[in-house]
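Presented below is the structure to which this report refers.
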Amino acid sequence: FAVRAKDTKNAPARLKIVGESSAGNGWQGELRKGEAVRIMTGAPVPNGADAVQKIELTNETDGFITILETTKLKQSIVNRAEEIQKGEKIFDKGEIINENMVTVLASFGYAKVKVSQRPKAAILATGSEIVDINEKPRLDQIRNSNSISLKILSEKCADVEILPIARDEIQNLKSKIQNATTTCDVLIISGGVSVGDYDFTKPALRELGAEIFFEKVSLKPGKPTVFAKLNNKLVFGLPGNPVSTTVTFYLFVRTALLKMQNAGDCQLKCGFAVVAAKINGAKERDSYLPVRVETASDGKLVVESLRFSGSSNFIAFSRANALVFVPKGESYKEGDVVEIVFL
């Protein structure tokens, strides 16, 4: 019931019911001393009323309502447009529209909004040992899990196409790279970036005349990562081990895809947590190691190490929800505070 707060000061207070205000059909009179208006959630508050008491704290008899508890000024009333001030900007240029924002846009009548175009990404897995995931591998083969994981990760910020697998043969790889860079904005290659006899990604890019910005990073996992440009398109060569592929995607490819859309915040969210057990880094390189972050009973974030045996251990990585950053030559003991990157 909509009431005047001062009329309920000495509750219980008996007031006369003079009308009803429902959502979409408000009561248009002026509430006076000793009166109350039945009101529904979402309905406009009548003129003269300055508080609302819930029906559970009232008794109704013969056109009168008894308010059993004193109401406070503005109780249960939401002022019109109190969510934001006039002239205040709701969202800013470069923000990524998420599900929660859609409600706000719709409420303010934005049926359409101007957005940046998502880049077109093509994914090319290399390796004569790779077969499609619906095939049964022979003794010397593995399934093409990298293309599937890269597709899922890329779809959050790009339109994605998986290309046919490239064999470990430089002419075949060159042809696939050349064709891909005529139709996509970003080519993501997995595998073939190391220095083995059958690692042809870097030689293929060089022979095609690509501009290679870097072909090695001081990072574990992900040392042989390649970044280049060919036919005015960006090319990323990621290591073939599944964990290395995913980590380097998060650190490099995701950032580039968001930058291409003029996103304001292109980096993964960072934070800090407490180490539950010793974590060792690498002597020569910075490390981004997969971990599980949980909230302890005291409210602190705690880093739980996974049984991570290396960049091929995708089973352990599947449980990770963060990466812990360990500078080269460093290690952390139980209780240390570390920097983490949320996945």
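Return the loop-located trypsin sites (Lys or Arg not before Pro) in segment 106-160 (DSSP other than H, G, I, E, B) with at most 12 other Cβ atoms within 10 Å of their own Cβ; answer none if there are none. Sites meeting the loop and neighbour criteria: 112, 114, 138, 156.
Summarising the amide proton neighbourhood of residue 190: residues at separation of 5 or more, or on other chains, whose placed amide H is nearer than 5 Å comprise 124, 125, 126, 238.
For residue 36, the amide hydrogen comes within under 5 Å of the amide hydrogens of 16, 17, 18, counting only partners 5 or more places away or on other chains and with H modelled in the peptide plane. Using C-alpha pairs under 8 Å with a sequence gap of at least 6, the mean separation divided by the residue count of the chain gives a relative contact order of 11 percent.
Considering only alpha-carbon pairs that sit under 8 angstrom and 6 or more positions apart, the relative contact order computed for segment 219-267 is 28 percent. Spelling out what I want: for every residue of segment 327-343, take phi, set θ = phi - 60°, compute 6.51 cos²θ - 1.76 cosθ + 1.60 (Karplus), and round to whole Hz; glycine and proline get x. With the stated coefficients, segment 327-343 comes to x, 4, x, 9, 8, 10, 10, 3, x, 5, 8, 10, 8, 10, 10, 7, 9 Hz.
Toward the positive end of the charge dipole of the chain, about the Cα centre and with charges on Cβ (Lys, Arg +1; Asp, Glu -1), which of 131, 188, 13 goes farthest? Toward the positive end, the furthest listed residue is 13. For segment 272-288, backbone phi angles converted through the Karplus equation (6.51, -1.76, 1.60; θ = phi - 60°) give residue-by-residue couplings of 9, 8, 9, 6, 8, 8, 4, 10, 9, x, 9, 5, 9, 9, 5, 10, 10 Hz, Gly and Pro being listed as x.
Highest mean first, the peptides 68-80, 177-189, 257-269, 42-54 sorted by other C-beta atoms within 10 Å per residue fall in the order 177-189, 42-54, 257-269, 68-80.
Only Cα pairs under 8 Å and 6+ residues apart enter the sum, and on that basis the relative contact order of segment 212-313 stands at 25 percent. The charge dipole of segment 242-334, taken about its Cα centre with unit charges on the Cβ of Lys, Arg, Asp and Glu (plus for the first two, minus for the last two), comes to roughly 160 debye. The trypsin sites (Lys or Arg not before Pro) found in segment 299-343 that occupy coil by DSSP, while having at most 11 further C-beta atoms within 10 Å, are 307, 333. Mean projected area of the Cα convex hull of segment 82-195, taken over all directions, amounts to 11.0 nm². Placing +1 on the Cβ of every Lys and Arg and -1 on the Cβ of every Asp and Glu, with no other charges, gives the chain a dipole of roughly 440 debye about its Cα centre.
Shown here for segment 61-167: chymotrypsin sites (Phe, Trp or Tyr not before Pro) in loop regions (DSSP other than H, G, I, E, B) with at most 10 other Cβ atoms within 10 Å, namely 108. Take the Cα coordinates of the chain, assign each an equal point scatterer, and use the Debye formula without solvent to give log10 I(q)/I(0) at q = 0.11, 0.12, 0.13 Å⁻¹. Taken in order of the listed q values, log10 I(q)/I(0) reads -0.81, -0.89, -0.99.
For the chain, the per residue solvent-accessible surface stands at 59 Å², with DNA, RNA and ligands left out and a 1.4 Å probe.
When restricted to Cα atoms, segment 224-333 yields an Rg and a Dmax of 15.7, 54 Å, respectively. Assuming charge only on the beta carbon of Lys and Arg (+1) and of Asp and Glu (-1), the dipole of segment 124-187 about its Cα centre is about 80 debye to the nearest 20.
Here's the picture: charge each Lys and Arg Cβ at +1 and each Asp and Glu Cβ at -1 in segment 35-102, and of 37, 58, 91 the one pushed furthest to the positive end of that dipole is 91. Axis of helix 170-180 versus longest Cα principal axis of the chain: the two differ by about 30°, to the nearest ten degrees. By DSSP, the beta bridges lying fully in the chain are antiparallel in about 60 percent of cases. Amide H contacts of residue 322: 291, 293, 343, each under 5 Å away and 5 or more positions distant or on a separate chain (H built 1.01 Å from N in the peptide plane; Pro and chain starts excluded). Of the accessible area of segment 37-163, computed with a 1.4 Å probe over protein heavy atoms only, carbon and sulfur atoms account for 51 percent. Each of 205, 266, 165 was placed along the dipole of the chain (beta-carbon charges, centred on the mean Cα), and the one lying farthest toward the positive end is 266.
Shape class of segment 222-285 from the alpha-carbon gyration tensor: oblate, with a/c at 1.5 or above and b/c at least as large as a/b. Phi-derived couplings, Karplus 6.51 cos²θ - 1.76 cosθ + 1.60 at θ = phi - 60°, listed residue by residue for segment 21-26: 10, 10, 4, x, 8, x Hz, with x used for Gly and Pro.
The values are calculated or read from the model by the stated rules, or taken from the named source; none is laboratory data. Predicted model, so just to flag it, every value in this text is computed and none were measured. As a convention, Cβ positions derive from the backbone with ideal geometry for all residues, glycine included, and neighbour counts pool all protein chains shown. For the accessible areas, the whole protein counts, side chains as well, though only heavy atoms, and no ligand, DNA or RNA atoms are used. Shrake-Rupley method; radii C 1.70, N 1.55, O 1.52, S 1.80 Å.
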